[in-house]
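Right, one structure below, let's go through it.
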Amino acid sequence: MQEPGKHFETLLSTEAPPVVERMGLNWLVAAAIATAVLWQVPGGDYILYPFTILATWFHEMGHGLMALVLGGQFQKLEIFSNGSGVATYRIATSLGPIGPGLVAAAGPMGPPIAGAALILASRSFKAASLSLKILGGFLLFSTLIWVRSWFGLLAVPLLGLIILGMALKAPRWMQGFAIQFLGVQACVSTYHQLNYLFSYSAGSLGLSDTAQMQRYLLLPYWFWGGLMAIASLIILIQSLRVAYR
């Protein structure tokens, strides 16, 4: 016969985790909404400054890595103190218009895909810890190989060292939450410059990513902007659903 006190403890141990998970999920959703909103208001970039820089890194790395995957070259990555960035790359001409179109799409869509992978990694401590180490290490690796702006040479490795420090020193629960939070930030980074998705021009840099997609993939730039905004939201929601299933 089980003692009443022990039975009560058993109930607590089985019922508490779902409550904690719901609280964690609610916090992540609230953080995603707050981040997306803050990025649209004046001064929001500076309130979220570290995540602004990380979002730019995700975006530009998406362009560069897709160029590499398609057989081209990723020449350099520049990140500036105002939160903007530029990836310089060359694309294999044998791919025709599909290659440039995919590279243009990889900037806005690379971060949500990477973010979903980070969120899904939170389902186990080993995967979460390993993912933090990989992300931190890749920030440092990208600094050595591609980053070529003085601000990027300071900011990118600093972010990498902070993330590696969490992977090595932070308690398990903090590592799990950190990888989820960074994953959410990566997914939401599509909305970092929501107006950019629906802009034809990128100013002095020429055509925007969506305008380049229009040029190479025919459909209008606003169509691609809307499609990527919706896809990023679906990727975020589905990855959180799987992680908290």
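The values are calculated or read from the model by the stated rules, or taken from the named source; none is laboratory data. Values in this document were obtained by computation on a predicted structure and should not be read as measured data. Glycine also receives a Cβ, built like all others from the backbone with ideal geometry; neighbour counts cover every protein chain displayed. Calculation scope for accessible area: heavy atoms of the full protein, side chains included, ligands and nucleic acids excluded. Shrake-Rupley method; radii C 1.70, N 1.55, O 1.52, S 1.80 Å.
In this structure TYR221 has an accessible area near 60 Å², from a 1.4 Å probe over the protein heavy atoms. Select from LEU218, LEU197, LEU25 the residue whose mean-square fluctuation is largest in a Gaussian network model of the chain (Cα-Cα springs shorter than 10 Å). Checking each option, the largest mean-square fluctuation is seen for LEU218. Taking all protein chains together and a 1.4 Å probe, the residues VAL69, VAL184, VAL37 rank VAL69, VAL37, VAL184 from largest to smallest accessible area. Solvent-accessible area per residue in the stretch 77-171 equals 47 Å², computed with a 1.4 angstrom probe and all protein chains kept.
Put PHE181, PHE223 in order of accessible area, highest first, and with a 1.4 Å probe you get PHE223, PHE181.
Oblate is the label for the stretch 98-156. Its Cα gyration tensor axes, ordered a ≥ b ≥ c, give a/c of at least 1.5 and b/c at or above a/b. Quick check: pseudo-label points 7 Å beyond the Cα along Cα→Cβ at ALA231 and GLN73, how many nm apart are they? Inter-label distance under the simple model: 2.8 nm.
How large is the dipole of the chain about the Cα centre if only Lys and Arg carry +1 and Asp and Glu carry -1, each at its Cβ, rounded to the nearest 20 debye?
On the way: 13 positive and 8 negative charges, 83 e Å.
With Lys and Arg at +1 and Asp and Glu at -1, about 400 debye.
Need one word for the stretch 135-245: rounded, prolate or oblate. Basis is the Cα gyration tensor (sqrt eigenvalues a ≥ b ≥ c); a/c below 1.5 gives rounded, then a/b vs b/c decides. Here the stretch 135-245 falls in the oblate category. Counting 0.36 nm for each residue step from ARG172 to TYR46 and taking away their Cα separation leaves a gain of 42.4 nm. Rounded to the nearest Å, what's the spacing between the alpha carbon centres of the stretch 63-116 and the stretch 129-194? Just the number, please. Answer, in whole Å: 19. Heavy-atom accessible area, probed at 1.4 angstrom with all protein chains present, ranks ASP45, ASP209 as ASP45, ASP209, highest first. Taking the chain as a Gaussian network of alpha-carbon nodes connected by springs under 10 Å, the highest mean-square fluctuation of the residues SER122, SER142, SER189 belongs to SER142.
Charges on Cβ only, +1 for Lys and Arg, -1 for Asp and Glu, centred on the Cα centroid of the chain; of GLY176, ILE98, MET213, which one is farthest towards the dipole's positive end? Of GLY176, ILE98, MET213, it is ILE98. Of the DSSP H helices in the chain, those with a Cα length along their own long axis of 15 Å or more and a mean Kyte-Doolittle hydropathy reaching 1.6 comprise 150-169.
Tally the DSSP beta bridges in the chain and give the antiparallel ones as a percent, rounded to 5. The antiparallel fraction comes to roughly 90 percent. First measure r as the distance between the Cβ atoms of LEU95 and TRP150, then evaluate 1/(1 + (r/R0)^6) with R0 = 45 Å and state the FRET efficiency to the nearest 0.05. Efficiency at R0 = 45 Å is approximately 0.85.
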